[in-house]
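Take a look at the structure below.
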Amino acid sequence: MLAIATKGFLLSVSLCLDIGIVNAALINTGLRKGLRPALMMGLGSCFGDLFYALLSLLGMSLLFSFTPVRWVMWLGGGSVLLWLTWKMARSAWQEFHHPSTAAGKPADKAGDDGQRRSTAAEFWRGLLMALASPSSLLWFAAVGGSIIAQSTDGSSLAASVFLGGFFLGGLAWSSFLAWLASHGQKLVGHRLLLYCNAASAALFAYLALGVIVHGYQTLL
């Protein structure tokens, strides 16, 4: 069982190493809001990846054989990426002209309440982004799905152990990335946030272009 859990852990880390929308958003959140919101976003994304891993065990490849599903993923994923491109580009523009100066200010009670609401919202944001991530979808459909389906002996116990290792792998990666991003803000300051916003916008635009072109070539 340890070997099955380890395989799930390593497979999850291989998925996380792909520079996609979740990693970019997690870094941006860590820089902009700090460690706790980034950790919550990472936790939400872990549950999103776990959902697809579960589908893979149930035969996710069959789902992607249906043309309507591929249309939804094409239009939905492309739209989300275009929206994120605009959002990150706008944030970079605002940060360039009005650098953040809020770091280090004491928070009042109203600010604490708003921070708690924002932290809770980051969990759902991470979950939805993981579910809508085109790179994750392609990974599960083309690579991860077949590997996951062959990683257990079909028993409920083996599947649970594998999914547990898979979840822990994603949690370890997202926690490390959140810590790195939040400390980067303290060490470098608002300029790192500016660069991250700009890089995120460029990455989202690149991914959106890839999704749109791939969908056009395969569906039209």
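From the set of residues in segment 209-220 that are out of contact with any Phe, Trp or Tyr (no Cβ under 9 Å at 6 or more places or on another chain) and part of a helix (DSSP H, G or I), which is modelled with the lowest pLDDT? Write out each step before concluding.
Initial filter on segment 209-220 (out of contact with any Phe, Trp or Tyr (no Cβ under 9 Å at 6 or more places or on another chain)): 209-210, 213, 217, 220.
From the residues that got through so far, the ones that are part of a helix (DSSP H, G or I) too are 209-210, 213, 217.
On the way: Leu209: 82, Gly210: 73, Val213: 81, Gln217: 79.
Looking at residues that are out of contact with any Phe, Trp or Tyr (no Cβ under 9 Å at 6 or more places or on another chain) and part of a helix (DSSP H, G or I), I get Gly210.
Scan segment 141-181 residue by residue and report those that are of a type in the set (A, V, I, L, M, F, W, C) and at pLDDT below 70. Walk me through it before giving the result.
Quick first cut of segment 141-181, residues of a type in the set (A, V, I, L, M, F, W, C) only: 141-143, 147-149, 157-159, 161-163, 166-168, 171-173, 176-181.
Across segment 141-181, the qualifying residues are Ala141, Ala142, Val143, Ile147, Ile148, Ala149.
Could you grab me the full set of residues in segment 88-97 that are surrounded by 15 or more Cβ atoms within 10 Å (Cβ to Cβ), of a type outside the set (S, T, N, Q) and either at pLDDT below 80 or under 14 Å from the mean Cα position of the chain (by Cα) (or both)? Even if it seems obvious, please write down each step before you answer.
Our first condition is that a residue be surrounded by 15 or more Cβ atoms within 10 Å (Cβ to Cβ); within segment 88-97, this holds for 88-89, 91-92, 95.
Narrowing the set further to residues that are of a type outside the set (S, T, N, Q) leaves 88-89, 92, 95.
Residues satisfying the conditions are Met88, Ala92, Glu95.
Residue-by-condition table, conditions (1) modelled with pLDDT of 80 or more; (2) crowded, with 17+ Cβ neighbours inside 10 Å; (3) in contact with a strand residue (DSSP E or B) (Cβ under 7 Å, 6 or more places away or on another chain):
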residue	(1), (2), (3)
Ser45	yes, yes, no
Phe51	yes, no, no
Leu54	yes, no, no
Leu62	no, no, no
Thr67	no, no, no
Arg70	no, yes, no
Leu75	no, no, no
Gly78	no, yes, no
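Considering only segment 1-10, state which residues are surrounded by fewer than 22 Cβ atoms within 10 Å (Cβ to Cβ) and touching a residue at least 24 places away in the same chain (Cβ under 8 Å). Walk me through how you get there before you give the answer.
If we filter segment 1-10 for residues that are surrounded by fewer than 22 Cβ atoms within 10 Å (Cβ to Cβ), which is where we start, we get 1-7, 9-10.
Passing the criteria: Met1, Ile4, Ala5, Thr6, Lys7, Phe9, Leu10.
Can you tell me which residue within segment 98-121, out of those that are in a helix (DSSP H, G or I) and within 16 Å of Arg32 (Cβ to Cβ), is modelled with the lowest pLDDT?
Start the filter on segment 98-121 by keeping residues that are in a helix (DSSP H, G or I), which leaves 109-121.
Those left that are additionally within 16 Å of Arg32 (Cβ to Cβ): 111, 114-115, 117-119, 121.
Numbers: Gly111: 50, Gly114: 53, Gln115: 58, Arg117: 61, Ser118: 69, Thr119: 76, Ala121: 87.
Only one residue fits best here, namely Gly111.
Can you give me the number of residues within segment 16-43 that are farther than 11 Å from Ser174 by Cβ, more than 10 Å from the chain's Cα centre (by Cα) and open to solvent by less than 10 Å² (accessible area, probe 1.4 Å)?
Number satisfying all stated conditions: 3.
Report yes if Leu192 is open to solvent by less than 30 Å² (accessible area, probe 1.4 Å), assigned to a helix (DSSP H, G or I) and either modelled with pLDDT under 80 or not hydrophobic (A, V, I, L, M, F, W, C) (or both), otherwise no.
On the way: open to solvent by less than 30 Å² (accessible area, probe 1.4 Å): no; assigned to a helix (DSSP H, G or I): yes; either modelled with pLDDT under 80 or not hydrophobic (A, V, I, L, M, F, W, C) (or both): yes.
When the stated conditions are applied, Leu192 does not pass them.
The values are calculated or read from the model by the stated rules, or taken from the named source; none is laboratory data. Quick caveat, the model's predicted, so the values are computed rather than measured. Using ideal geometry, Cβ is built from the backbone for each residue, glycine included, and neighbour counts are taken over all protein chains shown. The accessibility values were calculated without ligands, DNA or RNA, using every heavy atom of the protein model including side chains. Shrake-Rupley method; radii C 1.70, N 1.55, O 1.52, S 1.80 Å.
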